[in-house]
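Participant: Take this structure first; my questions come after.
The values are calculated or read from the model by the stated rules, or taken from the named source; none is laboratory data. Nothing here was measured: the structure is a model prediction, and the numbers come from that model. Methodologically, a virtual Cβ is constructed for each residue, glycine included, from the backbone with ideal geometry; neighbour enumeration extends over all protein chains shown. Side chains are part of the model used for accessible areas, which takes the heavy atoms of the whole protein and leaves out ligands, DNA and RNA. Shrake-Rupley method; radii C 1.70, N 1.55, O 1.52, S 1.80 Å.
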Amino acid sequence: GYDSANDMISSGKYTFKPLMKKYEIKPVNEDYFAQIIELSNAELGKDYITENDLLEFTTDTNCNCCKVAIINNEIAGFVLTKILNKDQLLNYLRIPENDIPKYISYASEICLIKTIAVANKYQNRGLGFKLIKAIYKDLILINKIHAVCSIAWKNGDKINANGILSSIGLKKITEIENYWENDSIENNYSCPCCGKPPCHCSAVLYFCSK
């Protein structure tokens, strides 16, 4: 499982290009599904995100905070979120309760930032930060949200979205090895790092209270 966000500024190993001045960030709707899936196939692995996944995220009756970044009339990046209670979150992430901070157990509404992805040609220009900031701005306006959670991909020593998630106060809580192994086999999607199933990447879980 791989979320290709333009991150790693904290490592000091990357040279960042300036963000293009002409970009828009808009809510996700069905008109963008085909481009989102195409971008996801290229950056996250083929069939990692499907049309059914997008329908699930964008028809959330609690809150649709999913966003796309548009440059030159094409989808340059996207972020998918979902509002869940504690039990729904544990079930969705397939983790035991002892893997989450205690304050999450008392939160009735939790925002899961599921996926951040930026097209290769627009990476390292701050677009991932713009998307996550737009999401966080929406969350601040939703007073019922009590906590925020996200899941990042790790391969080797690289955590793909550490800088982006840390920028809104999320903290690394736990790491789960081979997190996507069974899921990649069951859903037959390919990981850009591991290739065909199974995926052996680790997941790093981030949390913060709001």
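Participant: Relative to the present Cα-Cα distance, how much length would full extension add between LEU141 and TYR106 at 0.36 nm per residue of separation?
Facilitator: Stretched out fully, the LEU141 to TYR106 stretch lengthens by 10.6 nm.
Participant: Quick one: which residues, 5 or more positions from TRP180 or on another chain, have an amide H under 5 Å from its amide H? H modelled 1.01 Å from N in the peptide plane, none for Pro or chain starts.
Facilitator: Amide H to amide H, under 5 Å and 5 or more residues apart or across chains, TRP180 pairs with CYS201.
Participant: What ranking, highest mean first, results for peptides 78-84, 162-168 when packing means the other Cβ atoms within 10 Å averaged over each residue? Intermediate values should be presented prior to the final figure.
Facilitator: On the way: 78-84: 24.0, 162-168: 21.1.
Sorting 78-84, 162-168 by mean packing, highest first, produces 78-84, 162-168.
Participant: Right, something else. Taking the Cβ of ALA69 as the centre, find all other residues whose Cβ is under 9 Å away and add up their charges (Lys, Arg: +1; Asp, Glu: -1).
Facilitator: Taking every other residue near ALA69 into account, the sum is +2.
Participant: 5 Å is the cut-off here: which amide hydrogens, built 1.01 Å from N in the peptide plane, fall below it relative to ALA76, excluding neighbours closer than 5 in sequence?
Facilitator: ALA69, ILE70, ILE71
Participant: Roll a 1.4 angstrom probe over the protein heavy atoms and tell me the percent of accessible area of the stretch 93-136 that is carbon or sulfur.
Facilitator: Values: 910 of 1840 Å².
Ligands and nucleic acids excluded, carbon and sulfur give 49 percent.
Participant: Could you tally the net charge around ILE140, taking each other residue with its Cβ under 11 Å from the Cβ of ILE140, Lys/Arg +1 and Asp/Glu -1?
Facilitator: +2
Participant: LYS26 to ASN187: FRET efficiency via 1/(1 + (r/R0)^6), r the Cβ-Cβ distance, R0 25 Å, to the nearest 0.05?
Facilitator: On the way: r = 28 Å, r/R0 = 1.12.
Computed FRET efficiency for LYS26 and ASN187: 0.35.
Participant: By Kyte-Doolittle mean hydropathy of at least 0.5 and Cα axial length of at least 18 Å, which whole DSSP H helices of the chain are selected? Provide the component values of the computation, followed by the final result.
Facilitator: Values: long enough: 127-141 (22 Å, 1.09).
Qualifying helices, which must be both long enough and hydrophobic enough, are 127-141.
Participant: In Å², and per residue, what accessible area does the stretch 109-156 have when probed at 1.4 Å with the other protein chains present?
Facilitator: Heavy-atom SASA per residue in the stretch 109-156 reads 36 Å².
Participant: Let me ask another. Report which label in (1) 130; (2) 112; (3) 176 holds the value of volume of the Cα convex hull per residue in Å³ derived from the coordinates of this structure.
Facilitator: Matching entry in (1) 130; (2) 112; (3) 176: (2).
Participant: Under 10 Å, Cα contacts only: if you run a Gaussian network model on the chain, which one of LEU141, LEU54, LEU93 comes out with the highest mean-square fluctuation?
Facilitator: Most flexible of the set in this elastic network: LEU141.
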